[in-house]
Amino acid sequence: MLTAIEAKPASRTQRGWSHLDALEAESIFILREIAAECRNVALLFSGGKDSAVVLRLAERAFFPERVPFTLLHVDTEHNFPEVIEFRDRVVRDRGLRLVVRSVGESIRNGRVRLRTPDEPRNPHQSVTLLDAIAEFGFEACIGGARRDEEKARAKERVFSFRDEFGQWDPKNQRPELWSLYNGRVRPGENIRAFPISNWTELDVWQYVRRERIELPSIYFAHEREVVRRGSALVPVTGLTPAREGERVERLSVRFRTVGDITCTAPVASYAGTVDEIVRETERARITERGATRLDDQTNDAAMELRKKEGYF
Amino acid sequence: MRAIAPAARAGLLRFVTAGSVDDGKSTLIGRLLFDSKGLQADQITALEAASRRRGLTEVDLSLLTDGLLAEREQGITIDVAYRYFATPARKFIIGDSPGHAQYTRNMVTAASTADVAVLLVDARQGLQPQTRRHAYLARWVGIPRMVLAVNKMDLVVDAREAFERIRAQFHRFATGLGFAEVHEIPVSALRGDMVVSRGEALGWYDGLTLLEYLETAPTRHDDLARSRPGGQSRPLRFPVQRVVRVAGGNAQPDSGFEYGEFRGYQGTIASGEAALGDEIVALPAGTRARIAQILTADGELAHASADMAVTLRLDTQIDVSRGDLFAAPETAPEATQDIDAEVCWFDAEPLVASRPYLIKQGCATVRARFASLAHRIDVDSLRLVDGPDTLHMNDIAHVQLRTQRPLAVDPYESNRVTGAFIVIDEATNRTVAAGTVGRGAQG
């Protein structure tokens with residue numbers, strides 16, 4: 001990741017103003033605006049590619065000052081070890097402050113009750129997140145959600161107001177004109193801010209390539225034991241064993257999104273470098289969530305309902 | 001200023017789609033995405049399934065833009081949905097805005113950042129009050145270019161005659177509003193004619209398809225980078241977004257700033273250029289200094305231009321805080337407490353003119369009161385209605401504001417950043433209105 005001032009191949013002016021320049025400038029403006037308007041801000045950092053891009057943008061926005069946000073990971077405890085190792089290394093190298101609050105803890109202290117022990121924990125992150133917001137008094141939380149991911153997200157503001165219950169009211173969002181963001185909240189209320197709202201999956205990978213952003217290894221093609229379940233590949237892990245009668249195959253795969261192990265599926269791929277992933281993403285025939293998220297496929301409005309409960 | 005190289009023409013174009021309910025906006029967007037290969041296999045599968053559920057035999061592209069539960073219940077669009085697609089020429093961001101009058105605030109939210117407005121009209125219905133209203137709002141938020149897509153050409157008997165009639169009618173109206181460019185295109189979103197491909201049915205039309213227009217229209221960034229007539233460059237405007245102080249432990253590791261002190265001003269250049277050694281005036285105080293360093297995470301720059309996010313260091317310590325404006329001394333705006341503006345009221349609660357509100361302009365937030373309401377604009381007739389005593393939701397009015405502290409503002413038509421503001425109600429924290437600074441700004 002970026003540490004020292006180093007020369008880029010060509011300056012912005014020489015290259016012309018590309019779509020990545022425009023997106024980056026918008027994101028930097030948003031990040032600075034959050035820092036200026038809100039006290040005590042958390043940047044949600046899971047070790048996934050979108051949060052790594054947001055962290056890099058924050059470093060560029062505040063340079064030479066250290067990123068003035070607390071990193072927060074709402075941990076489902078169903079993690080890929082490579083991602084947690086990456087998360088901790090990034091935090092250590094940059095001298096940042098990371099707070100981890102786990103859904104497992106919320107389950108153990110009774111704040112979350114699972115219907116079945118092996119159900120995905122992603123939807124339950126809302127409770128843990130709201131508890132962390134209350135515990136630390138965060139006025140704003142920054143997330144790496146993008147509007148191209150899902151239709152409820154496509155409608156959300158960059159500065160998304162949440163009431164004291166963390167709820168999103170899609171019918172009554174604050175008008176958000178120009179780059180004039182309204183970050184005003186009362187105690188207990190919260191702003192969710194999305195600096196890469198206008199980025200697509202392809203923009204993210206192009207930016208990862210341009211800025212040489214390091215990512216966890218599972219984003220790149222590797223051999224892994226999987227089973228086929230419906231149209232998805234499911235990784236065979238201790239948490240997600242093969243079911244009776246399923247045939248375990250060893251395939252070259254990569255993850256397009258990284259989340260809770262029990263609901264994140266890889267795609268078959270030989271793309272082992274960022275260049276190859278950019279090319280593959282340009283030709284992709286399935287959306288990111290469609291290919292890789294087992295939890296959103298159940299219901300057309302799953303995300304909207306979760307957001308109304310306080311989800312990101 | 002630098003010339004616009006072909007590569008710089010590419011980049012990113014933002015456009016807003018608007019029109020009356022049932023003009024076929026959702027189908028048009030679905031068509032654009034579908035024919036430009038902006039849809040992926042699982043989205044098409046979901047679309048086919050949704051169409052089947054409704055008992056349709058063909059795929060209904062309009063279902064693609066259905067978003068929220070309430071919208072699907074009511075079959076209307078409530079809030080802006082943003083959509084993304086790219087062609088080899090460009091990346092596009094669509095702000096798909098609602099048609100109902102009660103959601104005007106959401107339409108202008110989408111329109112405020114757009115480079116182009118695509119306004120739909122049903123060829124059978126012709127211009128509707130809502131068409132005029134949206135055209136007016138598009139101009140009010142400063143969109144320079146307007147496309148009227150005359151849709152449902154497949155449903156009118158004499159298509160060419162219908163198109164020419166609507167075109168003439170709209171051109172008169174829209175030119176009067178002051179768009180830099182008004183362009184009419186006949187389309188059939190349902191069949192795909194003149195959207196991405198030309199189709200067969202509208203052979204009499206020899207102009208650009210909608211996508212061709214969108215791929216070649218200049219962006220706001222292109223306009224900013226271009227010199228004004230007469231070769232004058234645009235005046236420097238740099239709203240100070242954040243004062244950054246690095247001392248002791250808060251430098252990024254290995255940044256080269258771990259020792260000693262650094263004080264700079266972070267922000268995005270709203271217009272013009274900043275070059276090393278240039279003199280600036282900090283407004284509203286009026287103190288002067290020179291630019292000693294232009295810093296980005298990639299290193300130091302000799303100059304920076306519009307839209308770039310940078311950190312400026314000055315050669316002398318002057319008192320500057322967030323919300324101040326750096327400008328070139330010879331082209332600096334005046335700082336004023338009396339602002340002449342056009343305001344659009346959004347909130348369900350009407351204006352209480354005797355109460356103070358907050359206004360946020362650039363990076364400044366100040367208290368202000370509505371000193372007078374000159375007149376309301378009847379958007380349908382463009383007539384002025386004198387002496388309103390309050391403003392209701394969707395009203396647009398000329399007003400005079402008196403601010404608690406002086407603000408450095410420009411007329412909106414010359415600067416979309418320093419000439420725009422939102423109004424916040426301190427009691428609710430809601431954004432209750434938005435405004436643009438008028439020509440007689442410096443009162």
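How far apart, in nm, are the 7 Å Cα→Cβ label points at residue B:389 and residue B:69?
4.3 nm
Only bridges with both residues in chain A count here: give the DSSP antiparallel percent, nearest 5.
55 percent
Would you please give the residues with an amide H less than 5 Å from that of residue A:140, counting only those at least 5 places away or on a separate chain, with H modeled from the backbone geometry?
Those qualifying (amide H under 5 Å, at least 5 residues apart or on another chain) are A:42, A:191.
List, in order, the whole-Hz ³J(HN,Hα) value for each residue of the stretch A:156-169 obtained from phi through the Karplus relation with A = 6.51, B = -1.76, C = 1.60 and θ = phi - 60°; use x for Gly and Pro.
8, 5, 5, 9, 9, 7, 10, 6, 5, 9, x, 7, 9, 10
Under the Kirkwood approximation for Rh and a Cα-based Rg, what ratio Rg/Rh is obtained for chain A? Let's see the in-between values first.
Numbers: Rg = 19.2 Å, Rh = 20.3 Å.
With Rg and the Kirkwood Rh in hand, the quotient comes to 0.95.
Leaving out ligands and nucleic acids, and using a 1.4 Å probe, what accessible area per residue does chain B come to in Å²?
Result: 39 Å² of accessible area for each residue.
For chain B, what percent of Cα pairs sit more than 43 Å apart?
20 percent
Under the rule of -39500 (n - 2.57) per DSSP H run of 4 or more residues, summed and divided by the residues of chain B, what mean residue ellipticity at 222 nm is obtained, to the nearest 500 deg cm²/dmol?
Theoretical 222 nm ellipticity from helices: -5500 deg cm²/dmol.
Apply 1/(1 + (r/R0)^6) to the Cβ-Cβ distance of residue A:210 and residue B:293, taking R0 = 22 Å, and write down the FRET efficiency to the nearest 0.05.
0.35
For the stretch A:77-87, what does the Karplus curve 6.51 cos²θ - 1.76 cosθ + 1.60, with θ = phi - 60°, yield as ³J(HN,Hα) per residue in whole Hz, taken in order and with x for Gly and Pro?
Karplus values, whole Hz, x for Gly and Pro: 6, 9, 10, 7, x, 4, 6, 5, 4, 5, 3.
Considering only DSSP beta bridges with both partners in the protein assembly as shown, what is the antiparallel share in %, to the nearest 5?
The antiparallel fraction comes to roughly 70 percent.
Would you mind getting me the FRET efficiency between residue B:352 and residue A:98? Use the beta-carbon distance for r and R0 = 41 Å, nearest 0.05.
Numbers: r = 46 Å, r/R0 = 1.13.
Result of the calculation: an efficiency of 0.30.
Where nothing but the Cβ of Lys and Arg (+1) and of Asp and Glu (-1) is charged, how large is the charge dipole of the stretch B:6-226 around its Cα centre, in debye to the nearest 20?
500 debye
When the accessible area of the protein assembly as shown is split by element with a 1.4 Å probe, what percent falls to carbon and sulfur? The partial results should precede the final answer.
Details: 14010 of 29080 Å².
Carbon and sulfur: 48 percent of the exposed surface of the protein assembly as shown.
Using a 7 Å offset from Cα along Cα-Cβ at residue A:270, what residues in the stretch A:197-235 end up with backbone N under 14 Å from the label point?
Output list for this probe position: A:221-223.
How big is the dipole moment of the protein assembly as shown about its Cα centre under a simple scheme where the beta carbon of each Lys and Arg is +1, that of each Asp and Glu is -1, and everything else is neutral? Debye, nearest 20, please.
Using Cβ point charges on Lys, Arg, Asp and Glu, the protein assembly as shown gives about 240 debye.
Output ³J(HN,Hα) for the stretch A:62-71: one whole-Hz value per residue in order, computed from phi by the Karplus curve 6.51 cos²θ - 1.76 cosθ + 1.60 with θ = phi - 60°, and x for Gly and Pro.
Result, ordered by residue: 9, 2, x, 6, 4, 4, x, 10, 7, 7 Hz.
Just to be sure I understand: if you take the accessible area of chain A alone plus chain B alone and subtract the pair, with a 1.4 Å probe, what total do you get in Å², rounded to 100?
6800 Å²
Heavy-atom accessible area of residue B:414 with all protein chains present, probe 1.4 Å, nearest 10 Å²?
Estimated to the nearest 10 Å², residue B:414 gives 70 Å².
Set the Förster distance to 35 Å, then compute FRET efficiency between residue B:102 and residue A:109 from the Cβ-Cβ distance, nearest 0.05.
Working: r = 45 Å, r/R0 = 1.27.
Between residue B:102 and residue A:109 the formula returns 0.20.
Just going by the charge dipole of the stretch B:120-267, with Lys and Arg at +1 and Asp and Glu at -1 on Cβ, which of B:233, B:194, B:256 is farthest out on the positive end?
So the residue we want is B:233.
Keeping every protein chain present and rolling a 1.4 Å probe, give me the accessible area per residue for chain A in Å².
Ligands and nucleic acids excluded, the result is 38 Å² per residue.
With angles folded into 0 to 90 degrees, how steeply does helix B:41-53 sit against the dominant principal axis of chain B? Use alpha carbons for both and round to 10.
Roughly 50 degrees, rounded to the nearest 10.
Provide the percentage of antiparallel DSSP beta bridges, counting only those with both residues in the stretch B:6-226; round to the nearest 5.
Details: 8 of 33 bridges.
Restricted to the stretch B:6-226, the bridges split so that about 25 percent are antiparallel.
Given +1 on the Cβ of Lys and Arg, -1 on the Cβ of Asp and Glu, and no further charges, what dipole in debye does chain A carry about its Cα centre, rounded to the nearest 20?
260 debye
Please report the base-10 log of the normalised intensity I(q)/I(0) for the protein assembly as shown, using a Debye sum with one equal scatterer per alpha carbon and no solvent, at each q in 0.10 (1/Å).
-1.07
List every residue whose amide H lies under 5 Å from the amide H of residue B:391, counting only residues 5 or more places away in sequence or on a different chain, with H placed 1.01 Å from N in the peptide plane.
Under 5 Å from the amide H of residue B:391 lie the amide H atoms of B:351, each far enough along the sequence or on another chain.
Using +1 at the C-beta of Lys and Arg and -1 at the C-beta of Asp and Glu, which of A:215, A:31, A:270 has the Cα lying farthest in the positive direction of the dipole of the protein assembly as shown?
Value computed over the given set: A:31.
Can you list residues whose amide H is under 5 Å from residue A:310's amide H, if they're 5+ apart or on another chain and H is modeled 1.01 Å from N?
A:168
At 222 nm, what value in deg cm²/dmol follows for chain A if DSSP H runs of at least 4 each add -39500 (n - 2.57) and the sum is divided by all its residues, to the nearest 500?
On the way: 10 runs with 102 residues, N = 312.
My calculation for chain A gives -9500 deg cm²/dmol from helical runs alone.
The values are calculated or read from the model by the stated rules, or taken from the named source; none is laboratory data. These numbers were taken from a predicted model, which means no experiment stands behind them. Cβ sites come from the backbone with ideal geometry, for glycine too, and all protein chains shown count toward neighbours. The protein model used for the area step is the full one, side chains on, heavy atoms only, and it has no ligands, DNA or RNA in it. Shrake-Rupley method; radii C 1.70, N 1.55, O 1.52, S 1.80 Å.
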